[in-house]
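Presented below is the structure to which this report refers.
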Ligand code: NCD
């Protein structure tokens, strides 16, 4: 494994190994504090980010390595018209491993084909976001103790939400999973994901009202309506408040429901929900650092 573009680049066994390694790092972080001494991670972010970029950087620093990079296309030579291919070929001369986020679907695939060092897709447009999925899997595994036999609700912008696409692809590998896909008609999952679900005879239902489906869920994965991927602002304004999770809507939910959100939250989860013990999205943030530590170690061949 030298590149991570989609969760399908990892076998189920590799995912299990990463989760197990992340658990070990959480238990004994000091044992990993010098594993990446002398190594450099480059974070190339052509699109905004808080958690993904900072957790990658925190992960590498926690391993004893160093980081460099840029946090917007404007502060790189992309603003002068440089291609992604030339940018990553340049950065490979300065770093041992690259994490890259780009607004265009497929940009990470192109970039990975140009370099010899490991390259991680930190989000490519509305396509995939595999390290968020690893974060989600680690969180679910730590909270539930397993990744099978779960009813997983995904709610919000299922069309443009790359975290949704990657999580569905990854969880399709586990037994006894059922997806409940909650979205307005205009924001349903893309056909290529639905085709996979249908072809594999995977159990899923598509509903428009969260209230109708919440009681059966073990996991509720809320998502933000992806404003930056809309073709016009009017559609965004019409759809942006389709779902707002409130304590009231949680009344019929299971007592051990696990509420996740990749964040940033706009207003799809009321802050009144944050105090509910079922709200796990800040635990999820924390796990993002540890799973990225595990991933960096694996991709550099250190563990
Ligand atoms: C997500 C992303 O960038 O796709 N954020 C993240 O990485 N945690 C979700 C989003 O932006 O809505």
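Read-outs throughout are calculated quantities, based only on the coordinates presented, and are distinct from any laboratory measurement. Bear in mind that the values here come from a model prediction, so they are computed numbers and not experimental data. Reconstructed Cβ throughout: ideal geometry from the backbone, glycine too, with neighbour counts over all protein chains shown.
Miscellaneous remarks
- Positions within region 154-181 being away from the ligand (no atom under 16 Å from the Cβ) and either within 25 Å of residue 235 (Cα to Cα) or in a helix (DSSP H, G or I) (or both), in sequence order: 171, 180, 181
- Meeting the requirement of 3 or more residues that are farther than 30 Å from residue 39 by Cα and over 15 Å from the mean Cα position of the chain (by Cα), the helices (runs of 4 or more DSSP H) wholly within region 190-303 are 191-199, 233-239.
- Residue in region 272-289 that is within 16 Å of the ligand (Cβ to nearest atom), loosely packed, with under 13 Cβ neighbours inside 10 Å and touching a residue at least 40 places away in the same chain (Cβ under 8 Å) present: no
- Of the candidates 67, 84, 91, the single residue that is more than 16 Å from the ligand (Cβ to nearest atom), at negative phi, touching a residue at least 12 places away in the same chain (Cβ under 8 Å) and out of contact with any strand residue (DSSP E or B) (no Cβ under 6 Å at 6 or more places or on another chain) is 84.
- Hits in region 159-183 - residues which are surrounded by fewer than 19 Cβ atoms within 10 Å (Cβ to Cβ) and out of contact with any helix residue (DSSP H, G or I) (no Cβ under 6 Å at 6 or more places or on another chain): 172, 174, 175, 176, 178
- Close pairs (6 angstrom Cβ cut-off, 6 or more residues apart or separate chains): under 13 Å from residue 99 (Cα atoms) and free of Cβ contacts under 8 Å to residues at least 24 places away in the same chain in region 34-59, more than 16 Å from the ligand (Cβ to nearest atom) and in a strand (DSSP E or B) anywhere: 57/67
- Inspection of region 19-31 identifies at least one residue that is closer than 19 Å to residue 163 by Cα, within 21 Å of the chain's Cα centre (by Cα) and more than 16 Å from the ligand (Cβ to nearest atom).
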